[in-house]
Structure formats: structure tokens, C-alpha cells
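Written out below as C-alpha cells is the structure these notes cover.
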Amino acid sequence: MLLLTSCIIQSPKYATLPQVMSLQLGMSREKVEEILGVQPYDLKAFTDTTSVFIYVYRVNDRKTLSFKTKPTNGNKRLGKYVQLMIAYSKENKAITIESCSLCPDNLVIKDKIDFEKIFAFLTVTLPVILIYIGLTK
């Protein structure tokens, strides 16, 4: 069980590139979120005339051997997380849709399990349990 839980990853809910490509200017916020299938990840700006929300999507990537790289070969796989900025007007209509190239790339958090604490817990607890079982028999 410890080997299976060696690393816990927290990642945001995300849309796919085809979902992002189907967005159009003038769509309502409700329609955008219906197409993307996710709620906003963050709020970038809010003024009396516009609001800018950050959504997350993942790009498609490919895995191939470096000496066989060609424009279309390799195996498809999910790539990195990308932040998508959508600005809405006062009427809640999309007025700009763009990838956020200046946003920080901190969307995935890896929490590693501290094996030293687990080892210390087991070395203290296991002998106590074994002594208790031995005394009860």
C-alpha cells in the first residue's frame, strides 16, 4: 500500500483543447462553462465593466524517440496544463478568449509522503501491538 501511495498529485479540473476551440466570442458565461465542463479556476481581474476569469485546459502532446521525430509520428498523450483567460463584458458575454502565457505554471502540486515519519510510526506502534497481542494470549 505504501508503494502505491508514494506520491499524491493535486491537479485542477480541466477542459480539453477541442472544447476550447469550440468557444466563440459573444457566448454567455454559462454557455462557456457548459462547453468547457468546468468552473473558473481563478479570478484574474474584476472591474465595473469587465471580469476576467481563468480556466484550465490541457494540450495534446506526443511521445516519440528523439531520433525518429517527424511532424506527425509518435503516440498521443495529454500534455501540460494551460491557463485560459476569458474576459466577459458587463452583460456577461465573452469579449476576449486567450491563453495566458504570463500566468504562473503552478497548477499541479505533488505531495510526497514522508517515509521517515511512517517508518518511525511503524517502529513504535508495531512492537506495542505485538506486545499487546502477546499479553492477551
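The values are calculated or read from the model by the stated rules, or taken from the named source; none is laboratory data. Please read these numbers as outputs of a predicted model, since none were measured by experiment. Neighbour counts are summed over all protein chains in view; Cβ atoms, including those assigned to glycine, are modelled from backbone coordinates with ideal geometry. Ligands, DNA and RNA are stripped out before the accessible areas are found, and what is left, the full protein with its side chains, is counted by its heavy atoms. Shrake-Rupley method; radii C 1.70, N 1.55, O 1.52, S 1.80 Å.
For residue 36, the test of being open to solvent by 70 Å² or more (accessible area, probe 1.4 Å), of a type in the set (A, V, I, L, M, F, W, C) and modelled with pLDDT of 90 or more is failed. In segment 51-77, the residues that are under 23 Å from residue 21 (Cβ atoms) and surrounded by fewer than 18 Cβ atoms within 10 Å (Cβ to Cβ) reach residues that are modelled with pLDDT of 85 or more and of a type in the set (Val, Ile, Thr) with C-beta atoms within less than 6 angstrom, at least six apart or across chains, in these pairs: 59/82.
Residues of segment 87-120 that are open to solvent by 50 Å² or more (accessible area, probe 1.4 Å), within 22 Å of residue 12 (Cα to Cα) and at pLDDT below 75: 101, 102, 104, 105, 106, 108, 109, 110, 111, 112. The residues of segment 12-33 that are open to solvent by less than 50 Å² (accessible area, probe 1.4 Å) and in contact with a Phe, Trp or Tyr (Cβ under 9 Å, 6 or more places away or on another chain), listed by number, are 12, 15, 20, 28, 32, 33. Of all residues in segment 39-57, count the ones that are touching a Lys or Arg at 6+ places or on another chain (Cβ under 6 Å), part of a strand (DSSP E or B) and either modelled with pLDDT under 90 or farther than 13 Å from residue 82 by Cα (or both). Within segment 39-57, residues that are touching a Lys or Arg at 6+ places or on another chain (Cβ under 6 Å), part of a strand (DSSP E or B) and either modelled with pLDDT under 90 or farther than 13 Å from residue 82 by Cα (or both) number 1.
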